[in-house]
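The values are calculated or read from the model by the stated rules, or taken from the named source; none is laboratory data. Because the structure is predicted, anything quoted here is derived from the model rather than measured. For neighbour counting, all protein chains shown are included, and Cβ atoms are generated from backbone atoms with ideal geometry for every residue, glycine included. The area values use the complete protein model at the heavy-atom level, side chains included, leaving out ligands, DNA and RNA. Shrake-Rupley method; radii C 1.70, N 1.55, O 1.52, S 1.80 Å.
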Amino acid sequence: MSDSAPDTARHLAFVRLDQPLPDLADELGASFEEYGFAVVEGHGIDQGLIDRADALMRQFFALPDDMKRAYHRTGQAGARGYTPFGVEQAKGAAVQDLKEFWHVGRDLPAGHPYSAHMRPNIWPDELPDFRPVMQDLFLAFEWTGRRILSAIALYLGEEELFFEDSVRDGNSVLRLLHYPPIEAAPEGAIRAAAHEDINTITLLLGAEAAGLELLARDGTWLPVSPPPGALAVNVGDMLQRLTAGRLRSTTHRVVNPAGDAARTSRYSMPFFLHFRPDFLITPMFEGGEEPITAQDYLMERLREIKLA
């Protein structure tokens with residue numbers, strides 16, 4: 001984080017998800033238009049569930065490298081299971097990010113029409129509680145994300161349930177993310193290079209640790225540091241495209257810490273809420289780009305970041 005970066009509290013909206021939806025809509029929408037980000041408290045995700053998921057995440061990433069790599073599947077664009085350190089590379093970046101992660105997706109019944117786009121989940125044998133806890137967290141994130149989308153719908157002048165069909169059985173992903181201690185990093189490498197998220201909205205737990213920054217309209221990097229337990233929520237490229245740029249998918253990054261902090265790990269749990277694969281992203285307002293299905297757009301972007 002830059003020493004000159006202003007205090008987050010003077011910029012982003014800090015909102016409570018448990019307030020009346022019209023009030024939430026006004027506050028969230030204004031922050032998403034200006035910054036593409038907001039901080040959300042009162043989000044309804046049980047803290048005990050968060051703590052159990054956090055402990056299991058740390059246990060998994062502490063496993064020996066060969067055990068973790070047993071859950072890496074090539075040819076799946078990193079959609080499920082483990083992606084090793086140094087694989088993902090931000091669009092336009094010269095070097096890979098300094099991170100490893102695990103993806104949990106939606107569980108679909110046999111024969112579901114979206115099975116071709118959503119592979120079955122992979123679960124680590126070493127941690128028997130991993131599966132039920134992460135499945136519960138996935139569903140909790142999804143509930144929270146749908147309420148945020150209801151507020152966005154009102155802000156855009158639509159009915160509360162405007163987004164319901166677009167995200168029903170959506171290709172959403174829970175990412176468990178580990179940034180290891182920084183040792184001999186390649187020149188120019190940071191924990192997560194400047195990028196925009198591909199999806200509809202992102203809900204992030206763990207952003208209270210220093211390092212996450214967003215790029216403001218004036219070119220200033222601003223810190224995003226929610227209080228412990230709060231969510232950092234941001235607009236993704238799919239929602240920006242749907243709204244013809246009215247809501248911003250903002251460039252953001254995770255910078256390397258200095259001093260003793262560089263010798264410690266950083267963990268977070270982002271939930272990437274996606275449209276359903278066959279949803280046609282058609283601009284709601286004038287000036288937008290050509291329609292494209294969510295699945296085609298996703299694969300286009302995954303190829304750009306070296307995951308497909």
### Query
In percent, how large is the relative contact order of the chain, given Cα pairs closer than 8 Å and 6 or more residues apart?
23 percent
### Query
Counting Lys and Arg as +1 and Asp and Glu as -1, each charge on the Cβ, what is the dipole of the chain about the Cα centre in debye, to the nearest 20?
800 debye
### Query
Taking the Cα centre of each part, how many Å lie between the range 104-133 and the range 255-286?
20 Å
### Query
Quick one: if you stick a label point 7 Å off each Cα along the C-beta vector at A116 and A262, how many nm between them?
5.0 nm
### Summary
Ranked by GNM mean-square fluctuation in the chain (Cα springs under 10 Å), the top entry among T200, T74, T243 is T74
### Sequence-distant lysines (8 or more away, or on other chains) whose Cα lies within less than 23 Å of K68
K99, K306
### Query
What is the extension gain from T293 to E208, computed as 0.36 nm multiplied by their sequence separation minus the C-alpha to C-alpha distance, in nm to one decimal?
27.2 nm
#### Entry: Low-density loop positions, GluC sites (Glu not before Pro), the range 261-306 - DSSP coil, at most 15 other Cβ in 10 Å
E286, E289
#### Entry: Sparse-neighbour loop sites [trypsin sites (Lys or Arg not before Pro); the range 146-224; at most 16 other C-beta within 10 Å; DSSP]
R168, R217
### Query
Which value in nm describes the separation of the simple spin-label points at R168 and F14, placed 7 Å from the Cα toward the beta carbon?
3.9 nm
### Query
Are there GluC sites (Glu not before Pro) in the range 58-164 that DSSP puts in a loop and that have at most 16 other Cβ atoms within 10 Å, and which ones?
E126, E158, E159, E160
### Message
Compute a Gaussian network model of the chain, connecting alpha carbons closer than 10 Å, and tell me which residue from L24, L137, L161 fluctuates the most.
### Response
L161
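Got a number for carbon plus sulfur as a percent of the chain's accessible area, 1.4 Å probe?
The computed percentage sits at 50.
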### Task
Quickly work out the E187-to-W143 label distance, labels modelled 7 Å from Cα along the C-beta direction, and quote it in nm with one decimal.
5.2 nm
### Task
Write down, largest first, the equivalent ellipsoid semi-axes of the chain in whole Å, where each equals the square root of 5 times an eigenvalue of the alpha-carbon gyration tensor.
27, 24, 20
### Summary
Asserting the computed 222 nm helical MRE of the chain (DSSP H runs at least 4 long, -39500 (n - 2.57) per run, divided by residue count, to nearest 500) equals -8000 deg cm²/dmol
### Message
Normalised by the empirical 2.2 N^0.38 Å for globular proteins, what value does the Cα Rg of the range 102-194 take?
### Response
1.43
#### Entry: Mean accessible surface per residue for the range 86-213, computed with a 1.4 Å probe while every protein chain stays in place, in Å²
42 Å²
### Query
If r is the Cβ-Cβ distance from R131 to E286 and R0 is 41 Å, what FRET efficiency results, to the nearest 0.05?
0.35
### Query
If the label point is 7 Å along Cα→Cβ of H72, which residues in the range 90-120 have backbone nitrogen under 13 Å from it?
99-102
